Amino acid sequence: MKNRFIFSFETKVAVILLVILILVSLTGFFAYKRFSNIISGFSRESRPDMLLVTAKSLENSLSLAENKANSFSLTGDTLYLNSYYEAVHVARQKLNELEELTKYDREFSSAFNLLYSLSEIKFRILDDILIIQNKYRVQEALNKVENKNRC
């Protein structure tokens with residue numbers, strides 16, 4: 001009888017330990033899953049928003065294009081003109097990237113369409129300024145030649 005009681009007691013202890021082991025394992029598993037979700041949430045939040053990064057890059061390209069157009073207008077140096085066209089090209093690439101990022105989101109898509117239209121208007125205005133400045137320089141050069149011929 002004593003062996004049966006000890007065996008029975010040992011069995012009970014073993015079963016209790018097994019239950020405790022299963023509970024600890026389940027608790028560890030769920031804690032790990034929650035911890036993983038928290039970590040992945042932090043990593044998602046810490047990643048840069050590509051829409052914001054691309055929009056900021058577009059803003060920089062537009063400002064650069066305007067600065068280069070103004071520099072060309074003031075100096076007449078074709079280096080600034082080439083830089084202007086490069087900045088316009090980069091800005092159009094950024095517009096294409098933004099279009100890809102916003103094409104499935106209706107709210108952003110309408111905002112993108114407005115941004116695209118305004119950017120193209122800005123490019124046309126800058127191009128017109130460059131054309132007018134160039135015509136002015138040609139006319140000024142012709143006037144100088146004409147004045148030299150009179151003297």
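Computed from the coordinates by the stated procedures, all read-outs in this text should not be read as laboratory data. The structure presented is a predicted model; accordingly, all values stated were derived computationally and were not measured. Backbone-built Cβ (ideal geometry, glycine too); neighbour counts: all protein chains shown.
In table form, for the structure just shown:
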item: Mean separation of Cα contacts under 8 Å, 6 or more apart, over the residue count of region 9-140: relative contact order %; result: 21 percent
item: FRET E, pair residue 50, residue 71, Förster distance 35 Å, beta-carbon r, rounded to 0.05; result: 0.70
item: Residues residue 111 and residue 39, FRET efficiency given R0 of 41 Å [Cβ-Cβ distance, rounded to 0.05]; result: 0.80
item: By average C-beta atoms within 10 angstrom, highest first, the peptides 10-20, 104-114, 54-64, 118-128; result: 54-64, 118-128, 104-114, 10-20
item: Relative contact order (percent, whole number), region 61-129, Cα cutoff 8 Å, 6+ residue spacing; result: 30 percent
